[in-house]
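One structure is given below, encoded as structure tokens.
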Amino acid sequence: MELDALLTRVDRFFIDQDMADLTVDIDVYRDPSNRLNDRNIREGDPSDIAGLTTLISHYAYTWPDYYELMVMGEMLAGSELPADTSFFSQMLPLPGAPIYTEDLRARFRIRFMGTDEVDGVPVYKVRYTAVDRDTEFFNYIDYFIGIGREVILRVESTFESPWYYGNAGGDFYYDEWLGKYLPIYGHGSVLYYPNHSSDVWGRWYNWDWKSAEEAAADSGEPVPEDENSGSVSE
């Protein structure tokens, strides 16, 4: 298995589908009573369910490595955050967020951990371990990446900051939508030590993007080419 090729394909998740300069809204629902499931998050309107807290979020992505996630008007994660930020993160385990930039390769040791399964789907498991745990929000992140479609299906992580420490995990679900293969919703759990947990769901909607050619014309840059084409091999 060629790790470099695999992670390059993951980073090119949007651009390989001819999607550039995109924005999408993500509603994040805190669900302390476990009232959401994969049916009503997908088909219903979770905002109508009593007892849920909705966090309005916005995600933006520009090839090759710019992204930001705004939650309730505050930047939770983004590629332009200072490297020594201790609470917000330059990297968030989220579909489409760049995880294989030169900067991140310098700050995290990246290892192939073998193969596994997520909901019966074969996956590669890749671990990111912080080189300097005093300056990184995440101590480590495990990415579970589909072998057939090279997308992030699950993440597991530990984190530590002056205010919070604990572990978190989440699953992402995709579908054919608007002529593309896109994340539709996700489910995650966060455990803040010693005993506080939070269960959350997220749903993507209001997608908007340009084609790579349109984005290149606007920026004056050439259309990005795939330097690592081909499948990942064992």
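The numbers here are math on the coordinates, done by the rules we state, and not lab data. The model shown is predicted, which means the values in this text are computed figures rather than measured ones. We place every Cβ from the backbone using ideal geometry, glycine too, and count neighbours over all the protein chains shown.
How large is the dipole of the chain about the Cα centre if only Lys and Arg carry +1 and Asp and Glu carry -1, each at its Cβ, rounded to the nearest 20 debye?
820 debye
Please give the contour-minus-distance gain from residue 163 to residue 176: 0.36 nm per residue of separation, less the Cα-Cα distance, rounded to one decimal in nm.
Length difference between fully extended and current span is 0.7 nm.
Dipole size in debye (nearest 20) for the stretch 103-152 around its Cα centre, Lys and Arg Cβ +1, Asp and Glu Cβ -1?
Dipole size: approximately 200 debye.
Under 8 Å for C-alpha pairs, at least 6 residues apart: give me the relative contact order for the chain, rounded to a whole percent.
Relative contact order for the chain comes out at 22 percent.
Quick one: check the C-alpha center-to-center distance for the stretch 26-62 versus the stretch 135-186, whole angstrom.
If we compute the Cα centre of each part, the gap is 17 Å.
Mean-square fluctuation check for the chain, GNM, Cα pairs under 10 Å: which of 41, 145, 49 is largest?
Highest fluctuation of the listed residues: 49.
Pull out a ≥ b ≥ c, the square roots of the eigenvalues of the alpha-carbon gyration tensor of the chain, then state rounded if a/c is under 1.5, prolate if not and a/b is larger than b/c, and oblate in the remaining case.
rounded
Step by step: find N for the stretch 155-202, compute 2.2 N^0.38 Å, then divide the Cα radius of gyration by it. What's the final number?
That works out to 1.47 for the stretch 155-202.
Answer rounded, prolate or oblate for the stretch 22-160, using the Cα gyration tensor with square roots of eigenvalues a ≥ b ≥ c: rounded when a/c is under 1.5, else prolate when a/b is larger than b/c, else oblate.
Because a/c hits 1.5 or more and a/b fails to exceed b/c, the stretch 22-160 counts as oblate.
Residue 108's amide H: which non-local residues (gap 5+, or another chain) put their own amide H closer than 5 Å, with H modeled 1.01 Å from N in plane and none for Pro or chain starts?
When sequence neighbours closer than 5 places are left aside, the close amide H contacts are 131.
Local charge sum around residue 138 (other residues, Cβ-Cβ under 13 Å, Lys/Arg +1, Asp/Glu -1)?
Net charge around residue 138: -2.
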